[in-house]
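Asker: To start, I am sharing the structure in question, which I have written as structure tokens.
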Amino acid sequence: MSNALNVTIPEGAPFIEFTREFDFPVAAVFEAHRNPEIVAQWLGPDDMKIEVDHYDFRTGGSYKYTHTDHTGSYGFSGVFHKVRENEFALQTFEFDGFPDVVAMDYMHFETLADNRCRLVGHSVYPSQEARDGMVASGMEVGLSQGYQRLDALLANR
């Protein structure tokens with residue numbers, strides 16, 4: 001039950017796109033993105049621990065969390081600008097290490113046949129340099145590992 005993460009990193013464009021299918025209904029995948037107790041169990045790379053300061057997944061809500069590993073701590077924060085139940089989320093994404101670089105992340109939750117879900121993401125950065133920095137950070141590995149853990153969590157619910 002492992003669905004591949006597909007990431008598109010277009011040359012010369014300041015954005016990243018991804019798709020990931022889940023063998024679970026949209027409502028379960030959406031709830032796993034909304035509930036901070038569940039988010040803390042799957043978000044990020046396998047070798048990092050997460051501490052969630054706050055996570056209010058609703059229109060006008062905000063979040064702040066920190067990933068920690070043997071090399072240090074890495075803080076992230078943002079605002080949820082628009083959340084539509086089981087359908088869509090638009091948020092900002094900011095890494096404390098680059099506080100003036102804010103990405104806009106769009107997530108679409110799509111219902112597939114057989115009670116499955118497709119998550120489509122689109123992240124827009126303020127510059128090509130900022131986008132390239134995100135790519136170089138290992139975000140693709142962290143996203144893939146996190147979604148593999150999410151699969152396992154949802155399978156055990």
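Just so it is clear, none of the values below were taken in a lab; they were calculated from the coordinates. Quick caveat: nothing in here was measured; it's all calculated off a predicted structure. Neighbour counts are summed over all protein chains in view; Cβ atoms, including those assigned to glycine, are modelled from backbone coordinates with ideal geometry.
Asker: How would you order 36-42, 116-122 from highest to lowest mean count of nearby Cβ atoms within 10 Å?
Answerer: Descending mean neighbour count gives 116-122, 36-42.
Asker: While we're looking at this one, here's another question. Using Cα-Cα distances under 8 Å and only pairs 6 or more residues apart, what relative contact order does the chain have, in percent? Working shown, then result.
Answerer: Details: 328 pairs, mean separation 41.5, N = 157.
With pairs under 8 Å counted, the relative contact order is 26 percent.
Asker: While we're looking at this one, here's another question. Once you place label points 7 Å from the Cα toward the Cβ at Ala152 and Glu110, how far apart are they in nm?
Answerer: Placing both labels 7 Å beyond Cα along the Cβ direction yields 2.8 nm.
Asker: Once the convex hull of the alpha carbons of the stretch 44-88 is built, what does its volume come to per residue, in cubic angstrom? Walk me through the numbers on the way to the answer.
Answerer: On the way: hull volume 3.4 nm³, N = 45.
Dividing the Cα hull volume of the stretch 44-88 by its residues yields 75 Å³.
Asker: Let me ask another. Kindly provide the helix-only [θ] at 222 nm of the chain, computed as the sum of -39,500 (n - 2.57) over DSSP H runs of four or more divided by all residues, to the nearest 500 deg cm²/dmol?
Answerer: Working: 4 runs with 42 residues, N = 157.
Taking each H run of at least 4 residues, the total per residue is -8000 deg cm²/dmol.
Asker: Here is a follow-up. How big is the stretch 19-77 on each of its three principal axes, counting only the C-alpha atoms and giving the largest first in Å?
Answerer: 37, 28, 20
Asker: How are the alpha carbon pair distances in the chain distributed across 5 Å bins from zero to the largest one, expressed in percent?
Answerer: The calculated distribution, bin by bin, is 2, 9, 17, 24, 23, 16, 7, 2, 0.
Asker: Quick check: Cα centre of the stretch 83-111 to Cα centre of the stretch 137-153, how many Å?
Answerer: Using only Cα atoms, the two centres lie 16 Å from each other.
Asker: When only C-alpha pairs under 8 Å and at least 6 residues apart count, what is the relative contact order of the stretch 53-102, in percent? Please report the intermediate quantities before stating the final value.
Answerer: Working: 101 pairs, mean separation 13.8, N = 50.
Result for the stretch 53-102 is 28 percent.
Asker: Expressed in nm², what is the orientationally averaged projection area of the convex hull enclosing the Cα positions of the stretch 97-157?
Answerer: Values: hull surface 21.9 nm².
Reported value for the Cα convex hull: 5.5 nm².
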